[in-house]
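Below is one structure, written out as structure tokens; the observations come after it.
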Amino acid sequence: MNSTFVTEEPRRGVITISLEKEDYAASVEESLRKLRKEINMPGFRKGMVPAALIAQKYGASVKAEELNKLVGDSLIKTLQENKVSYIGNPVMMPHDQDVEKNDNFSYTFRVALAPDVNITIDKSVKLPFHRVKMDDALLDKVDEEMRRRYGKMEQTEKATAEDSMRGLLVELAEDGTPLEGGLRVEEVLLLPSTFASEEEKAKFADANINQVIRFNPFKADGEEIALLASMLKLSKEEAEAHKGDFNFEVTTINHFVPAELGEELYKKVFGEDTNVKDEKAYREELAKMRAEELDKASRNLFVNALVEFIKEKMGQPIIDDETFRPFVAEVQKNNKEEEVTEESYKAIVDYVVLTTGIRSLAEQEGVQLTEEDVLAEMRRTVAARMASFGYGGLPENLIDDIAKRQLEEGNVRAEIELNALIRLLADNLFDKVTLEEKEVSMDEFDALFQPSEA
């Protein structure tokens with residue numbers, strides 16, 4: 001058996017594997033012997049079918065199977081020995097070889113070679129790093145955030161603009177009397193400040209306990225049937241029949257009271273062992289705490305900047321489209337996705353080029369990904385996603401369970417592994433490049449996380 005590897009333009013590798021009878025004859029004979037012992041054929045006892053008959057009936061298929069095994073093993077070995085970096089999968093070129101009659105065989109494969117990576121990391125590389133200006137206005141916002149986080153709800157007799165209310169909803173007839181057979185919904189929670197209709201919102205101004213207020217829930221929530229259904233505890237289909245007026249009898253008014261400055265708040269914010277005793281120390285510690293949080297966010301921006309740097313350095317290298325495009329089309333077909341367009345193919349090529357640069361640079365820098373790194377990245381992703389849905393602060397064990405389940409999905413794992421590798425690479429390179437520090441306001445910093453307009 002002989003195999004060769006050569007390169008051709010444009011960025012193509014060609015592997016040729018040649019097999020002679022002596023390379024596969026022994027394994028074919030052994031497979032036929034095993035088959036003879038196991039086969040059941042009418043007219044013969046098990047294991048007693050003549051070898052010649054077995055060879056005549058199954059010889060060609062067994063031979064083809066052994067050839068496939070040898071060729072597959074040789075292909076992998078050749079790629080490894082020649083340290084071939086390629087994209088997609090090797091493609092076997094068409095051949096017309098009679099497996100049954102021929103003794104010698106030759107197979108040719110093409111692979112699309114991965115682009116070369118020539119990226120040097122040293123202090124000549126300049127990447128932006130943003131620091132938020134910590135002024136009194138920002139600290140006031142952080143203080144307000146902490147006071148609201150650790151504030152409490154108190155019941156009151158008279159409502160203010162931001163208060164929430166609980167009460168009884170009673171569906172009305174057109175004349176304002178309770179509708180016979182109409183809805184009665186208890187313990188309904190209303191937050192008038194969120195109403196889309198200013199007219200409906202105004203009806204709740206200065207509301208008192210036990211006051212009965214006539215309003216239209218459907219209009220109040222901007223004629224959104226889903227919101228009406230939620231309020232009335234019905235399906236959207238059922239809610240369609242209840243778009244009229246209701247009476248709301250106020251039974252409870254809840255007023256939010258922000259936490260006051262003092263030892264209780266200081267301990268909640270900084271922990272029981274805090275040394276903070278007064279407002280001056282409180283604001284100083286708030287500044288440190290927020291600076292650490294913002295530094296982590298700035299690290300995320302640094303990751304983005306590093307990715308853009310790698311993308312720029314990789315440029316638009318030559319790709320063997322003739323070999324790579326059919327692979328992409330086959331993947332799309334197997335995944336039951338839309339046919340490959342020029343736009344989608346270019347996006348895939350750009351992604352492959354970028355990931356090639358990232359992986360090559362990580363290998364160059366000795367960055368090695370562990371399973372714990374992957375799980376940690378998945379945990380961060382799950383926690384952020386749940387927080388965006390209003391489920392922040394979930395127990396660690398729950399986040400861990402969700403993360404482990406999601407990593408069992410192949411596509412999810414591949415994406416998370418890449419993100420984890422990029423993060424590790426960025427951490428490794430942080431002190432090796434020159435940081436161009438930029439001081440920005442909080443508003444400017446927030447804007448950096450917004451998607452740019454196309």
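Take the range 6-24 and flag every residue that is surrounded by 11 or more Cβ atoms within 10 Å (Cβ to Cβ), modelled with pLDDT of 90 or more and out of contact with any Ser or Thr (no Cβ under 7 Å at 6 or more places or on another chain). Walk me through it before giving the result.
Taking the range 6-24 and keeping what is surrounded by 11 or more Cβ atoms within 10 Å (Cβ to Cβ), we get 7-8, 10-21, 23-24.
Keeping just the survivors that are modelled with pLDDT of 90 or more gives 7-8, 11-21, 23-24.
Answer for the range 6-24, where residues must be surrounded by 11 or more Cβ atoms within 10 Å (Cβ to Cβ), modelled with pLDDT of 90 or more and out of contact with any Ser or Thr (no Cβ under 7 Å at 6 or more places or on another chain): Thr7, Glu8, Arg11, Leu19, Glu20, Lys21, Asp23, Tyr24.
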Notebook entry, point to check: Which numbered condition trips up Ser164, out of (1) surrounded by fewer than 14 Cβ atoms within 10 Å (Cβ to Cβ); (2) in the same structural domain as Glu249 (by the TED database); (3) within 30 Å of Arg290 (Cβ to Cβ); (4) not β-branched (Val, Ile, Thr)?
Noted result: (1)
Next item on the list: Grab the strands (runs of 3 or more DSSP E) fully contained in the range 62-168, keeping just those with 1 or more residues being more than 31 Å from the chain's Cα centre (by Cα).
Entry: 86-92, 105-113, 152-155
Check: Just checking, which of Ser27, Ser3 is of a type outside the set (Phe, Trp, Tyr) and crowded, with 18+ Cβ neighbours inside 10 Å?
Finding: Ser3
Note to self: When the residues of the range 415-443 are narrowed to those that are more than 20 Å from Leu306 (Cα to Cα) and surrounded by fewer than 15 Cβ atoms within 10 Å (Cβ to Cβ), which ends up nearest to the chain's Cα centre (by Cα)?
What the structure shows: Asp443
Note to self: Could you check the range 235-264 and list, in sequence order, the residues that are under 30 Å from Gln155 (Cα atoms) and in contact with a helix residue (DSSP H, G or I) (Cβ under 7 Å, 6 or more places away or on another chain)?
What the structure shows: Phe246, Pro258, Ala259, Leu261
Note to self: Quick test of your reading of the structure: Gly366 fulfils all but one of (1) under 23 Å from the mean Cα position of the chain (by Cα); (2) under 22 Å from Asn118 (Cβ atoms). Name the failing condition by number.
What the structure shows: (1)
Next item on the list: Taking Glu439 as meeting all but one of (1) among the charged types (D, E, K, R); (2) closer than 27 Å to Asp135 by Cα; (3) part of a helix (DSSP H, G or I), write down the number of the exception.
Entry: (3)
Next item on the list: Mind listing just one residue for me: the one in the range 403-427 that is among the β-branched types (Val, Ile, Thr) and modelled with pLDDT of 95 or more and, of those, nearest to Thr356 (Cα to Cα)?
Entry: Ile422
Notebook entry, point to check: What's the number of the condition Glu444 fails, among (1) among the charged types (D, E, K, R); (2) closer than 27 Å to Asn334 by Cβ; (3) at pLDDT below 95?
Noted result: (2)
Item checked: Residues of the range 323-344 satisfying the condition of being part of a helix (DSSP H, G or I) and without any contact (Cβ under 8 Å) to a residue 24 or more places away in the chain -> Arg325, Ala329, Glu330, Val331, Gln332, Lys333, Asn334, Glu342, Glu343, Ser344
Margin query: Condition (residue is more than 30 Å from Asp136 (Cβ to Cβ), in a helix (DSSP H, G or I) and among the hydroxyl-bearing types (Ser, Thr, Tyr)) applied to the range 295-310: is it met by at least one residue?
Written below: no
Checklist line | The one condition in (1) among the hydrophobic types (A, V, I, L, M, F, W, C); (2) over 30 Å from Ala114 (Cβ atoms); (3) touching a helix residue (DSSP H, G or I) at 6+ places or on another chain (Cβ under 8 Å) that Ala60 fails to fulfil | finding: (3)
Item checked: Qualifying helices (runs of 4 or more DSSP H) (wholly inside the range 216-268; at least 1 residues being of a type in the set (S, T, N, Q) and in the same structural domain as Leu190 (by the TED database)) -> 225-232
Notebook entry, point to check: Tally time: how many residues in the range 109-131 are farther than 19 Å from Glu363 by Cα, loosely packed, with under 13 Cβ neighbours inside 10 Å and of a type in the set (D, E, K, R)?
Noted result: 2
Note to self: Condition check: outside the structural domain of Ile358 (by the TED database), in contact with a helix residue (DSSP H, G or I) (Cβ under 8 Å, 6 or more places away or on another chain) and not in a helix (DSSP H, G or I). Does Val14 satisfy that?
What the structure shows: no
Notebook entry, point to check: Residue check: is Glu240 modelled with pLDDT of 95 or more, out of contact with any His (no Cβ under 8 Å at 6 or more places or on another chain) and surrounded by fewer than 18 Cβ atoms within 10 Å (Cβ to Cβ)?
Noted result: yes
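The values are calculated or read from the model by the stated rules, or taken from the named source; none is laboratory data. The shown structure was predicted, so the numbers you read here are calculated from the model rather than taken from an experiment. No Cβ is skipped: glycine too gets one built from the backbone with ideal geometry, and neighbour counts run over all protein chains shown.
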